[in-house]
Amino acid sequence: MEDGTEHPPGGAAWDEDDTAAVVRTVGKLVKLCRERSGMTQAELGAAIGYSLEQVSSVERGRRVPKPEFLSKADEVLHADGLLTALQKDVAEARYPKKVRDLAKLEADAVELNLYANHNMHGLLQTEEYARALYDMRWPAFSEEEVDGHVAARMARQEIIHQARPPMLTFVLEEVTLRRPIGGRDCLRRQLAHLLTIGGLRHVNLQVMPTDRDVHAGLGGPMELIKLQDGGSVGHTETQLTNRIISRPKELQILEMRYGIIRSQALTPRESLAYVDKVRGET
């Protein structure tokens, strides 16, 4: 039987943030609609293709239902779209809170400036490449956790293709074009995708060659987000920390470094030609 729900990572209880509130509220609504229809949990599970335990866990706020669970339950319980309407909120609740917070900032951006030094930046990754990255993570993720992280990464990329997208600039280290994450076929498809995204009018893509003897980005990856209200925030990641930066003095340092990094990298035209060259060699 298909598992249309998701456990909290590691089987622990959900963190007490808006995720937990959404999960509990959805569970109460599923239970309300079921009882109004005069069905037991076992009967609902049989009707939509899930076990009694899965239905019970959703109603108790212990599992996040997948979209198909809600759509099937809505139809069987004659909920008139009430449960289906919750799919977007539930989908967002599946993502780690730090990802949702960053995605909200990016959704409010007029400009995103991003530097990646170890692997392809998340906004540029194919689903295949992203899955390969999460599959190699240590300690290992469960299959459900990998699915959730990949879904979050793909959803985050929607800003690139929205009707009024922000301006995006990327600087990628040369090694990100050559490291065969997922194997050479996966990398070749990733590089083809990179050429497609890099050719969009609102995207500026640059490559930092490995042979540069002066480099302002050795402090690690960074993201600078310019917001619609004129404000700015930064985002940095290290091994075990993920930090949003809003202090003006720290933002000035990141902006200075990013500007120098761009001046040291290949131009956008040179960079696309270089990506195409590497793809041919892969």
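Structure summary
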quantity: Solvent exposure ordering (accessible area, 1.4 Å, most first) of Leu86, Leu70; calculated: Leu86, Leu70
quantity: For Arg63, distant residues with modelled amide H under 5 Å away; calculated: Val58
quantity: Residue-averaged 222 nm ellipticity for the chain, from DSSP H runs of 4+ at -39500 (n - 2.57), nearest 500; calculated: -15000 deg cm²/dmol
quantity: Entries of Lys28/Lys104; Lys72/Lys226; Lys66/Lys226; Lys28/Lys88; Lys249/Lys277 with Cα pairs more than 29 Å apart; calculated: Lys72/Lys226; Lys66/Lys226; Lys249/Lys277
quantity: Surface accessible to a 1.4 Å probe, Tyr115 within the full protein complex, Å²; calculated: 10 Å²
quantity: Probe 1.4 Å, protein heavy atoms only - accessible area per residue of region 158-282 in square angstrom; calculated: 57 Å²
quantity: Mean-position separation - Cα centroids, region 47-91 and region 192-224, in angstrom; calculated: 42 Å
quantity: Val110-Ala273 pseudo-label distance in nm [points 7 Å out on the Cα-to-Cβ vector]; calculated: 3.4 nm
quantity: Backbone HN-Hα couplings from phi across region 170-183 [Karplus 6.51/-1.76/1.60, Hz, Gly and Pro as x]; calculated: 10, 10, 10, 5, 3, 4, 5, 7, 10, 5, x, 4, x, x
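The values are calculated or read from the model by the stated rules, or taken from the named source; none is laboratory data. In this text the structure is predicted, and so the values were computed from the model without any measurement. Methodologically, a virtual Cβ is constructed for each residue, glycine included, from the backbone with ideal geometry; neighbour enumeration extends over all protein chains shown. To get the accessible areas, we keep the full protein, side chains included, count just its heavy atoms, and leave off ligands, DNA and RNA. Shrake-Rupley method; radii C 1.70, N 1.55, O 1.52, S 1.80 Å.
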